1. Run down 33, 25, 44 and say which single residue is loosely packed, with under 12 Cβ neighbours inside 10 Å and either in contact with a helix residue (DSSP H, G or I) (Cβ under 9 Å, 6 or more places away or on another chain) or at negative phi (or both).
2. Is one or more of the residues making up the stretch 52-68 in contact (Cβ under 8 Å) with a residue 12 or more places away in the chain, basic (Lys, Arg) and within 17 Å of residue 92 (Cα to Cα)?
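Values quoted throughout were computed directly from the atomic coordinates according to the rules given, and no laboratory measurement underlies them. Remember, predicted model here, so these are calculated numbers, not experimental data. Cβ sites come from the backbone with ideal geometry, for glycine too, and all protein chains shown count toward neighbours.
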Amino acid sequence: NDGELFNKVIHPRSCIWKKYLVVLEHSLTKEEEEKISQGFEVPEIGKVLPCKLEKIDNKNIYLSIREGKNRQIRRMFKALYNRVIYLKRVSIGDIILDIDTRVNWERERLSKIFIRIKEYETIYWKYK
């Protein structure tokens with residue numbers, strides 16, 4: 001329930017991977033997989049960075065993103081003429097979230113992420 005920390009972790013500038021379980025209406029083609037892996041232009045939000053894609057089967061995937069633009073995943077698949085049936089964040093960085101809808105933040109891991117963010121911000125602003 002620490003809003004400031006949550007925003008720093010979720011913000012695209014943090015470059016922390018967020019992994020989602022995605023259930024799609026239609027199977028992904030090889031061309032769509034390549035497009036997602038390379039990044040592409042999404043009409044409503046602009047260019048999205050390359051994503052990591054792990055297929056579970058034809059309609060179920062794990063998708064990891066760094067940006068987290070508003071409704072990014074749903075809009076990406078809409079641009080590919082597909083629909084997200086179910087979407088669930090399963091991890092942020094190396095923190096695996098509860099399978100339930102509750103997030104089980106472990107203090108030790110959370111403090112490590114906070115330290116990483118502070119280090120990143122220091123480096124980012126030093127060279128900007």
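1. Answer to the check: 25.
2. Taking every residue of the stretch 52-68 in turn, at least one turns out to be in contact (Cβ under 8 Å) with a residue 12 or more places away in the chain, basic (Lys, Arg) and within 17 Å of residue 92 (Cα to Cα).
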